[in-house]
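To start, the structure itself, in C-alpha cells.
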Amino acid sequence: MQEPEIFEQPVAAKDPEAAIPGDENNTYHTGYSSGFQTNGNGDESSLEDYHDFVYPEDRKLGTWSTAFLIINRVVGAGIYSTPLFVYLEYGTALPRSGGEKVYLERVFRRPRYLATCIFAVQFVLFAISSGGSISFSSYLLRAVTPERDSRDGSWLNRGIAVAAITGVCLIHAFTPRLGIWLSNGLGAFKLVLLSLVVFTGFAALGGRMVVPSPGNFSNGFRGPSINGPTTEDTAGTAAGSALALLQVLYTYSGWENANYVLTEVRNAPKTLRRAAPIAVSTVTVLYLLANIAYFAAMPKSQLAGSGTVVAAQFFQNVWGDNAFATRALPVFISLSALGNVFAQSFAMPRVKQELAKEGILPFSRFWASDWPMHAPSGAILLHWIFTTALILGSQTPDVYSFVTNVFVYSGNWIKVFLGVGLVYLNFTPSERWAEQRTKVHISPMLVLLWIVSLLYVLAAPFIPNNLSGAVKFFVVPTLGTSLLVIGIGYWLVWAKMLPAFGFHIQHEIVQMPDGSERVKYKRVRPKKRRKRQRRPSVW
C-alpha cells in the first residue's frame, strides 16, 4: 500500500504587527480568510476558514484564574490521577494548548500520526462532561425530592443533565468572558462548601450527630459489604481494589486541566509553576480532611450506596432532616458540580479545536471554527454532542459511576503512554530533552512506579467480579480499551487508505505569531500533470 507523502516545509506566520484593521481585539490571523493561497512552488493549498490568533493580554488567564481552573476541575470531580510534576515537566517545557496531544506528538513520532489519531479518538469520545452534568442533576433532584434514589437514571435526571451542559456550552461559546467569571466564582464557592464539610466533620468527630457513630476508625481498612453483612470483603479482591481506584482517580483527577489551555495563560511556564502547586496543595489538604469527615459520620455501607449524593446524606447524618440539610445543601453541592462542568467545557473543547485545526478530525474546518466571539464554538458543539450522547445513551441505573469509570479508564491508557514517553525522553540523549525542559523535573523512577500502578488499574478490572451491578464486569475495561483499536483503525484509514486513493498527507510546521509552533496536517489530492502538446509538424 502506498505510504503517505510527507511535506515538511515551514510555513511562516504573518507579521504580528500587521493586525487586521478594525479588529477590536487586536488578534493576529494567520489562516486564509478566503480563496486559495499559492505557495512558492505554484501549488494551491486548500481553503481554510478558521483563524489562528494570539489571545489579547486582557483575555489571558493569570495565576489565580489558572489556579481556579484546576480547582474547579478537581473539586467536584477530582484530584489524583497522575503525579503533578509529570504534567508540570511537560507543560513548562512545551507551553502550548493541547495538553497530552502536544506531549504525545513530541515523543511518539513513528509510526507517523498514530499517537495523534489514538489521542484524538480518546479525547473526542471520552473527554466529556457527562459525569459532572449527571451529578448536578442528581443533587438538584435530591433538593426537590429528598427520598429520590441517588442512582436514579430516569429521563428526568438525564433531561436536566442535558439542559445543564447545553447552558454551559452556550455561555462558553457566545459569552466567553462571562464563562471565565462564572468558572472562577464557582471555584471559590467550592472551597467554601468543602470547608463546610470539613468543619461538619469536626462536629461528627466530637460526637455531635443525630445518628449513632459508625465506628469506622476501629476497623478502617475493611471494605463495605455490598449485598448484606455476609458478603465477603470486596476491598480484598484485585478487581474490587481496581474499581475503587478508578473512582479515586476520578475524584483526584484534574491537575492537567490548565495544560489544555496554556496558549491562553499569561507567561505560561511561570504561571503554571505557581498556579498548580497553589491549587493542588489547597485541594489536597481540604480533600484529606473531607474524607476524614465522611468516615466519621457515615457507615461504610452507606458511603458505598449513596452514589452521587453522598455529601447530602453526610450532612443529614450530622444535622438531621432539617430544611437546610435536605433542601439548601443539595442545591449548593449541585452548583459545585456545575463548576466542574464549566471547567471541563472551557478546557476540553480547546484541545479538540487544536485537533480540528490540524485536520485530524472529519469536517475539521467546521469544528475548528471560532465564530462569532473568538471562542472555540465548533469544538464546544462537538464536546456537547458526545456529552449529550453518553448521558442519553447510558442504560445503567448508576449512570454516574459508569460514565466516570469509562472516562478514567480510557484516560489511563493515555497516561501510560505519557509516562513511558517521559522515561524515554530522559534516557535518550539524542532527544535533547534535558536542554528543552525547565528546572521542573521528576525522577524517572517515580514515573516508572506510576506506570506500574496504572497498568494494574488497567488489568485488574478484567478479572471476573459482580461489583458493577447491572453492568457486566468486562464492559468498562473493554470500552475503555477500545480507544486503542478504534484509534489504530482511524489511523489506517486516515494515513494509509486515503493515500492509496490518491490523497497525500501534507505535514507542515506552522509558526504562530507568538513564536510557538504547531504541526498541521492536510489531505490534498495531487494535481495531475498536464500532458505536453506536440508541436504541429511543419510538413
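The values are calculated or read from the model by the stated rules, or taken from the named source; none is laboratory data. Just so we're clear, the structure is a prediction, and the values are computed from it rather than from any experiment. Quick reminder, even Gly has a Cβ in these numbers, built from the backbone with ideal geometry, and neighbours come from all protein chains shown. Note: accessible area is taken over every heavy atom of the protein model, side chains too, but ligands, DNA and RNA are not part of it. Shrake-Rupley method; radii C 1.70, N 1.55, O 1.52, S 1.80 Å.
Report the label-to-label distance for THR145 and ARG525 in nanometres (one decimal), using points 7 Å from each Cα along the Cα→Cβ vector.
5.6 nm
What shape does the range 97-198 take by its C-alpha gyration tensor, where a ≥ b ≥ c are the square roots of the eigenvalues and a/c under 1.5 counts as rounded, a/b above b/c as prolate, and the rest as oblate? Before the final figure, lay out the partial values.
Working: a/c = 2.25, a/b = 1.77, b/c = 1.27.
Prolate shape, in that a/c is at least 1.5 and a/b is the bigger ratio.
Classify the range 425-505 as rounded, prolate or oblate from the Cα gyration tensor: take a ≥ b ≥ c as the square roots of its eigenvalues, call it rounded if a/c is under 1.5, otherwise prolate when a/b beats b/c and oblate if not.
Oblate, because a/c is 1.5 or more while a/b does not exceed b/c.
Can you tell me the FRET efficiency between VAL192 and LYS472 if r is taken as the Cβ-Cβ distance and R0 is 51 Å, rounded to the nearest 0.05?
0.80
If I stretch the segment between GLU435 and MET373 completely, what's the gain in nm (0.36 nm per residue apart, minus their alpha carbon distance), one decimal?
Net length gain for the segment: 18.5 nm.
Leaving out ligands, DNA and RNA but keeping every protein chain, what accessible area does LEU178 have, in Å² rounded to the nearest 10, with a 1.4 Å probe?
Surface open to solvent at LEU178 totals about 90 Å².
Please find the FRET efficiency linking PHE202 to MET445, where r is the Cβ-Cβ separation and R0 is fixed at 41 Å, and quote it to the nearest 0.05. Intermediate results must be reported in sequence, preceding the final value.
On the way: r = 38 Å, r/R0 = 0.94.
Once rounded, the FRET efficiency stands at 0.60.
Quick check: from the Cα gyration tensor, does the range 336-472 come out rounded (a/c under 1.5), prolate or oblate?
oblate
Could you tell me the calculated FRET efficiency between LYS270 and TRP181, based on Cβ-Cβ distance and R0 = 22 angstrom, to the nearest 0.05?
In this case the efficiency is close to 0.40.
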